[in-house]
């Protein structure tokens, strides 16, 4: 059964990564079908994640992906980002933790260096602004509580959620993560801004300080 027929009969959830990509590509290469091309691309980029994060030069260097398909892949990723952000925009309370996690994974998981970000929220926990504030090396980012407080006051935030990625792919919080979270909570507490959570983004998992009882 071809991917399109399988989708119609069994639903999109039934498709493998190769089958999803084959529907997107539509055509294969001379002498081989589109599923073969999809398998080759997933192997080349080590899965859908690597494929979606590849730049135009990397994509167009592969047989079967020209400038048009490269642009389509970039547009598909951006649509995903905007879809997730739309559910978090000001006017709606951040009430679905899964949407927040998906949004942060899209934003942070692909970085090869550590990035520290903040979700600034109003008193009803609606998103005011998402900002990436500090950028580091592969194993750390210097986070300055004074700058976080300054930004929170600038946006008139009543609460914040912190997030940062671990380029290693492991979401387990380090001792340094715990120490800086304590410092940030203390600094923001002085100006009566609540810290709701600190999320550590790994390859496949996100660890929540709040769920771990670390806040």
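Points worth noting:
- Among 167, 145, 97, the largest mean-square fluctuation in a Gaussian network model of the chain, built with springs joining Cα atoms closer than 10 Å, belongs to 97.
- Histogram of C-alpha separations across segment 91-215, 5 Å bin width, %: 2, 12, 24, 26, 22, 12, 3, 0
- Residues considered: 49, 26, 113. Largest GNM mean-square fluctuation over the chain, using C-alpha springs under 10 Å, is found at 26.
- Per-residue ellipticity at 222 nm computed for the chain from its helices equals -13500 deg cm²/dmol, with DSSP H segments shorter than 4 residues left out and the rest contributing -39,500 (n - 2.57).
- Residue among 104, 119, 25 with the largest mean-square fluctuation in a Gaussian network model of the chain, springs linking Cα atoms under 10 Å: 25
- Computed over the chain: relative contact order in percent, which uses C-alpha pairs under 8 Å that are six or more apart: 13 percent
- Put simply, the C-alpha atoms of segment 3-82 give a gyration tensor, and the ellipsoid matching it has half-axes of 20, 16, 11 Å, longest first.
- Relative contact order (%) - criterion: Cα under 8 Å, at least six apart; region: segment 94-212: 26 percent
- When the alpha carbon gyration tensor of the chain is reduced to an equivalent ellipsoid, its three semi-axes come out at 39, 18, 15 angstrom, largest first.
Bear in mind these aren't lab numbers, they're just calculated from the coordinates by the rules spelled out. The structure displayed is predicted, hence computed values, not measured ones.
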